[in-house]
Structures are given as structure tokens and as C-alpha cells.
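The values are calculated or read from the model by the stated rules, or taken from the named source; none is laboratory data. Keep in mind it's a predicted model, so treat the numbers as computed, not measured. Neighbour counts run over all protein chains shown; Cβ positions are idealised from the backbone, glycine included. We work out accessible area using only protein heavy atoms, side chains counted, and drop any ligands, DNA or RNA first. Shrake-Rupley method; radii C 1.70, N 1.55, O 1.52, S 1.80 Å.
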Amino acid sequence: MLLKKPGSCPHFVRARSHGLLKVFVFTLPGTVKFFEQLGYPSLLAYVVVAAEIGGGLALIFGALTRIVSVALIPVMIGALLVHLPNGWLFSNANGGWEFPALWTALLIVQALLGPGAFAVGLPHAEEQALGTSARG
């Protein structure tokens, strides 16, 4: 299944590339200004960029897949809210909300599926991070 293999789902690359887009194209000061225009605190811009880059890389490698997927859901909901007034289609002016809604759903699915066979995470790292044990 496509979503079971970290690195094979385009969302992993999308999250990282959108974070890098905010750094190298829009620049961090430009991203901060955009967030402020939306009424969000400027610090949130840095948090979102870090989450997109760091979370995207973690998902590419299959590290803490469930935790990272759940942590990125609020970022995608924020993107969805920003694009909501633009209509459904992402091809609309300023982008619609269909892609943020899709990525939110894919993150939920990835959180439920967990890491795939090619994940390069530490053994039992996710259980330790969650304070659970898979070993009865």
C-alpha cells in the first residue's frame, strides 16, 4: 500500500518542501508578516516552518510516524482555515481548501497506519515517546 512506505507518499515531501518554500522563496520575515496579516502571532510562523520541515523529514524516514502525523494535523487545519474563503478548488485564486483537507485526511490515515516496512526509526522509540509498551 502506498501510504505504508515512508518516502513514497507525496505528503512527506510536500510538508518539507512547503516549509523550505517559506524559508527560501517567501523568506522567514515575509512568512512572519503574512502570519501577522492573518492575525496570528509572529512566533507561530517559525513554529509552522519548523513543523513542516522537521515533520516532513521525520515522515520521509518513518521516524515517530504516528506522533509526527498527529502533530502536523493542526498545521494542516490552520492551512485549511486560511484557504477556506477561497472556495473548494485549489486552482482558484489564492488556492482553495481541497488540498489542505486532503492532506489533513492523509495525516489521519498515516497516524492510523503507522510506520511502514522501510521506516528507519529507532526500535520502540514511538512506544517510549508515548509511554506505552508493545511487549505486554
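Quick notes on this one:
- Each residue of segment 34-46 was assigned a 3J(HN,Hα) from its phi angle through the Karplus curve 6.51 cos²θ - 1.76 cosθ + 1.60 (θ = phi - 60°); the sequence is 4, 4, 5, 5, 7, x, 8, x, 4, 4, 4, 4, 5 Hz, with glycine and proline shown as x.
- Short-range pairs are left out: with C-alpha atoms under 8 Å and at least six residues apart, the relative contact order of segment 52-109 is 28 percent.
- Tensor-based shape of segment 30-101 (alpha-carbon gyration tensor, a/c under 1.5 rounded, otherwise prolate or oblate): oblate
- Carbon and sulfur %, accessible surface of segment 39-105 computed with the full protein complex present, 1.4 Å: 77
- Based on Cα contacts under 8 Å between residues 6+ apart, segment 19-132 shows a relative contact order of 24 percent.
- Modelled spin-label separation between A50 and N94, with each label point placed 7 Å from Cα along the Cα-to-Cβ direction: 2.9 nm.
- Probing with 1.4 Å while keeping every protein chain in the model, the per residue accessible area of segment 8-101 equals 53 Å².
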